[in-house]
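Peer 1: Here's a structure for you.
The values are calculated or read from the model by the stated rules, or taken from the named source; none is laboratory data. The shown structure was predicted, so the numbers you read here are calculated from the model rather than taken from an experiment. Cβ: placed from backbone, ideal geometry, glycine included. Neighbour counts: every protein chain shown. The accessibility values were calculated without ligands, DNA or RNA, using every heavy atom of the protein model including side chains. Shrake-Rupley method; radii C 1.70, N 1.55, O 1.52, S 1.80 Å.
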2 protein chains.
Amino acid sequence: MKLGLLHPGEMGVTIGAALGESGHEVHWLRAGRSADTAARAQASGFRSHDSLSSLLGQVQAVISVCPPHAALEVAGAVAERKFPGIYLDANAVAPATARRLAAIAGPGYVDGGIVGPPARSKGTTRLYLSGAGAGEVAAWFSRGFVEAVPLGEGLAEASALKMCYAAYTKGSAALMLAIRALADREGVAAGLLAEWSRSQPGLPERSERVAANTAPKAWRFEGEMREIAATFENANLPGGFHAAAGEIYARMAGLKDARRPDLHKVLDALMR
Amino acid sequence: MKLGLLHPGEMGVTIGAALGESGHEVHWLRAGRSADTAARAQASGFRSHDSLSSLLGQVQAVISVCPPHAALEVAGAVAERKFPGIYLDANAVAPATARRLAAIAGPGYVDGGIVGPPARSKGTTRLYLSGAGAGEVAAWFSRGFVEAVPLGEGLAEASALKMCYAAYTKGSAALMLAIRALADREGVAAGLLAEWSRSQPGLPERSERVAANTAPKAWRFEGEMREIAATFENANLPGGFHAAAGEIYARMAGLKDARRPDLHKVLDALMR
């Protein structure tokens, strides 16, 4: 098949690579993308287009992999051009957002949610799928490092699962960082680390690892935290955990280009 | 020494027992306490009083161990009677609350914070202490299961450490339970547990253990979560994690007398 990938970011490029491995032809849209994205797409052998209309004229299906705050815009641009094929949204969005996306994209909509890091080795990364076309989309991934998991016919189950999953990983990571900042501010960091070492073994190290690993990605977590908070609120559960996590990641957004910044750089950003 | 313990609840009675072991005489106030508390105090050999004035007339120091929402009231009642001795507040309160308590209790104030379960065996439970009298109070605990740890001269360091510690344990526990409720509501519980089992090993079991262990105590966690949220806000960090955790525990308050309720009973309470 010929598939359009919007866009080959760090995660998206590995989704495209798995599709290429599986024998499909992957197309991408150069317009508006960074030099990094272009380099990734070229290295992966994807075919480039200068306009969305040109891309849509060539492909049978579109896959949206972008930060959650851009998901509606991408879907809208595709729908505007009356694209008739499958539209897979694989982004970290609330079920309510997934239903809005489905309304925009029409009957070809398939809901997706990616769990795990960019798929560079086997067994790390799942693409959950739901909706009428979930089985068909899953069959695209016959080879490569992405494991496609169809969940059912629901319009938003894959998004719901992604929200629940990221709620713990990214929520508890933000909580750890907020606590490290609080302990510093209150002058009790040494005491807290000593107590954690005794009764919460591994937590001091985890909190430092989390700082280094999340800081460069934090800029795109704020929107995801907003989607998770909305998911909780829509289910009559408190959204405050992830509203707070979103605030933590927003304060870290300036560390986008930092390479594994140490904890103190992260805490400085949080306490600015 | 003769020490007044307000009050010998589940935690307090083990603090009193450690003081008894260390050779001190422990006094308690029967008025207004439950039959359970009376039974615990009698079994531990504490001396009972029918009025606070009678107790204060006998003891050289007072130790407050109560739910955080009652800490100011207990301190006020003791201060009203012009008690001249050491006043140790060992409750889970915000540093700002500790400073209010210090203003009420006067120069004898010592700040405390307990980390760990009721002290029924060695090595599980620390009593952190700060303030001018921290060393003196630490010396009271020469024997028994409570390890007293003086932190320094600060008026609220022990409370700050307690807030930071409980922020993670009780905050992440509430987050886990909220996510289990969300997954149930969205119909993706099986999928989430399967993914957790693969990439977050131990988390399915931890979330069930947390439900059983926290449900009977949740009724007194709401106030503690409010203190933690205030601690974050006062430090210019987001209080939303623990405002949300407080809401989760408030919904579980009705499980006070449930003996290790299973997860589904807890989720029912959260989704009511």
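Peer 1: Find the sum over both chains of the accessible area lost when A and B are paired, probe 1.4 Å, and report it in Å² to the nearest 100.
Peer 2: Rounded to the nearest hundred, the buried surface is 4600 Å².
Peer 1: Per DSSP H run of at least 4 residues, take -39500 (n - 2.57); add these up for chain A, divide by its residues and hand me the 222 nm value, nearest 500 deg cm²/dmol.
Peer 2: Values: 12 runs with 143 residues, N = 272.
Rounded to the nearest 500, it is -16500 deg cm²/dmol.
Peer 1: Quick check for me: using +1 on Lys/Arg Cβ and -1 on Asp/Glu Cβ, what's the dipole size of the protein assembly as shown about its Cα centre, in debye to the nearest 20?
Peer 2: On the way: 58 positive and 52 negative charges, 85 e Å.
Using only the charged Cβ atoms, the result is roughly 400 debye.
Peer 1: Between the chain alone and the structure with every protein chain in place, find the residues of region B:91-132 that drop at least 20 Å² of accessible area; heavy atoms, 1.4 Å probe.
Peer 2: By number: B:Arg126, B:Tyr128.
Peer 1: Past 28 Å, Cα to Cα, is the threshold; run A:Lys2/A:Lys217; A:Lys82/A:Lys256; A:Lys162/A:Lys217 against it and keep the listed order. Write out the running numbers ahead of the final one.
Peer 2: Values: A:Lys2/A:Lys217 30 Å; A:Lys82/A:Lys256 36 Å; A:Lys162/A:Lys217 17 Å.
A:Lys2/A:Lys217; A:Lys82/A:Lys256, as the Cα separations exceed 28 Å there.
Peer 1: Which percent of the accessible area of region B:116-272 is formed by carbon and sulfur heavy atoms (probe 1.4 angstrom)? Mind dumping the intermediate values first?
Peer 2: Values: 3060 of 6220 Å².
Solvent-exposed carbon and sulfur of region B:116-272 make up 49 percent of the total.
Peer 1: Now for a different question. Would you pull out the residues with amide H under 5 Å of B:Val110's amide H, same chain only if 5 or more places away, H placed 1.01 Å from N?
Peer 2: Amide H neighbours of B:Val110: B:Tyr87, B:Leu88, B:Asp89.
Peer 1: What are the extents of the Cα atoms of region B:61-177 along their three principal axes, in Å, largest first?
Peer 2: 45, 31, 23
Peer 1: Cα convex hull of the protein assembly as shown: how many Å³ per residue?
Peer 2: Once divided by residue count, the hull of the protein assembly as shown is 134 Å³.
Peer 1: If you don't mind, another one. Please work out the C-alpha center-to-center distance from region A:1-48 to region B:1-70 and express it in whole Å.
Peer 2: 70
Peer 1: Using all Cα-Cα distances in region A:119-162, what percent lands in each 5 angstrom bin from 0 up to the longest?
Peer 2: 5, 27, 29, 21, 14, 5
Peer 1: Report, in debye and to the nearest 20, how large the dipole of region A:156-272 comes out about its Cα centre when Lys and Arg carry +1 and Asp and Glu carry -1 on their Cβ. Present the calculation step by step, with values, prior to reporting the outcome.
Peer 2: Working: 16 positive and 14 negative charges, 67 e Å.
Magnitude of the dipole: close to 320 debye.
Peer 1: Quick one, can you get me the convex hull of the C-alpha atoms of chain A expressed as volume per residue in Å³?
Peer 2: 129
Peer 1: OK, next. Could you tell me the ratio Rg/Rh of region B:126-272? Both radii from Cα atoms, Rh via Kirkwood.
Peer 2: Numbers: Rg = 18.1 Å, Rh = 17.0 Å.
Ratio value, two decimals: 1.07.
Peer 1: How about B:Lys265: which aspartates and glutamates have a C-alpha closer than 14 Å to its C-alpha, ignoring those fewer than 8 places off in the same chain?
Peer 2: B:Asp184, B:Glu208, B:Asp257
Peer 1: Okay, moving on. Among A:Thr124, A:Trp219, B:Val62, whose Cα projects farthest towards the positive end of the dipole of the protein assembly as shown, with charges put on the beta-carbon of Lys, Arg (+1) and Asp, Glu (-1)?
Peer 2: A:Thr124
Peer 1: So how strong a dipole does chain B carry about its Cα centre when Lys and Arg Cβ are +1 and Asp and Glu Cβ are -1, to the nearest 20 debye? Walk me through the intermediate numbers first.
Peer 2: Working: 29 positive and 26 negative charges, 97 e Å.
Roughly 460 debye for chain B.
Peer 1: Moving on. Can you work out D for region B:197-272 in µm² s⁻¹ from Stokes-Einstein, where Rh is the Kirkwood radius over C-alpha pairs, the temperature is 10 °C and the viscosity is 1.306 mPa s? The partial results should precede the final answer.
Peer 2: Working: Rh = 13.2 Å.
In µm²/s, the coefficient rounds to 120.
Peer 1: Rank these by accessible area, largest first, 1.4 Å probe: B:His24, B:His264. Let's see the in-between values first.
Peer 2: Working: B:His24 35, B:His264 110 Å².
Output order, biggest surface exposure first: B:His264, B:His24.
Peer 1: In addition: Just tell me which aspartates and glutamates come within less than 12 Å, Cα to Cα, of B:Lys122; anything on the same chain fewer than 8 places away is out.
Peer 2: Reachable aspartates and glutamates: B:Glu147.
Peer 1: Same structure again: Rank B:Val74, B:Phe141, B:Asn91 by how far each Cα sits towards the positive end of the charge dipole of region B:40-159 (+1 on Lys, Arg Cβ; -1 on Asp, Glu Cβ) and give me just the farthest.
Peer 2: My answer, from the dipole projection, is B:Phe141.
Peer 1: Now for a separate question. Could you give the semi-axes, largest first, of the ellipsoid that matches region B:36-82, computed as the square roots of 5 times the alpha carbon gyration tensor eigenvalues and rounded to whole Å? If you can, show how the numbers build up before the last one.
Peer 2: Numbers: eigenvalues 75, 48, 14 Å².
Over the Cα atoms of region B:36-82, the ellipsoid semi-axes are 19, 15, 8 Å.
Peer 1: Give the accessible area for A:Asp50 in Å² (nearest 10); use a 1.4 Å probe, count only protein heavy atoms, and leave out ligands, DNA and RNA.
Peer 2: Number for this one is 120 Å².
Peer 1: For peptide A:148-158, compute the average count of partner chain beta-carbon atoms within 10 Å of each residue's beta-carbon.
Peer 2: Values: counts 0, 3, 0, 4, 3, 0, 3, 0, 3, 4, 2.
For this peptide, the per-residue mean of nearby foreign Cβ atoms is 2.
Peer 1: Okay, moving on. Give, ordered by residue number, each residue of region B:229-272 whose 1.4 Å probe accessible area is reduced by a minimum of 20 Å² on adding the remaining protein chains to the chain alone.
Peer 2: Going by heavy-atom accessible area, the residues of region B:229-272 that drop by at least 20 Å² are B:Thr231, B:Phe232, B:Ala235, B:Asn236, B:Leu237, B:Pro238, B:Gly240, B:Phe241, B:Ala244, B:Ile248, B:Arg251.
Peer 1: Follow-up question, since we're still on this one. Could you give, in nm with one decimal, how far A:Pro67 is from each other copy of that position, shortest first, with labels 7 Å out from Cα toward Cβ?
Peer 2: From this label point to the equivalent ones elsewhere in the assembly: 4.3 nm.
Peer 1: Right, here's the next one. For region B:1-123, what is the convex hull volume of its Cα atoms per residue in Å³? Mind showing how you got there, number by number?
Peer 2: Working: hull volume 12.3 nm³, N = 123.
Convex hull volume per residue, Cα atoms: 100 Å³.
Peer 1: Which of the residues in region B:197-215 show a loss of at least 40 Å² in accessible area from their chain by itself to the complete set of protein chains, at a probe of 1.4 Å?
Peer 2: Buried by 40 Å² or more upon assembly, which counts only protein chains, are B:Arg198, B:Gln200.
Peer 1: Could you work out what % of the accessible surface of region B:1-102 is carbon and sulfur, using a 1.4 angstrom probe and leaving DNA, RNA and ligands out of the count? Each step should come with its number before you reach the end.
Peer 2: Working: 1950 of 4120 Å².
Answer for region B:1-102 is 47 percent, counting heavy atoms of protein chains only.
Peer 1: How much accessible area per residue does the protein assembly as shown have, counting only protein heavy atoms and a probe of 1.4 Å, in square angstrom? Each step should come with its number before you reach the end.
Peer 2: Values: 21440 Å² over 544 residues.
With the other protein chains kept in place, the protein assembly as shown gives 39 Å² per residue.
Peer 1: In terms of the Cα gyration tensor, with a ≥ b ≥ c the square roots of its eigenvalues, is region B:141-189 rounded because a/c is under 1.5, prolate because a/b exceeds b/c, or oblate? Kindly include the intermediate steps, with their values, before the conclusion.
Peer 2: Values: a/c = 8.07, a/b = 2.67, b/c = 3.02.
Judged from the Cα gyration tensor, region B:141-189 comes out oblate (a/c at least 1.5, b/c at or above a/b).
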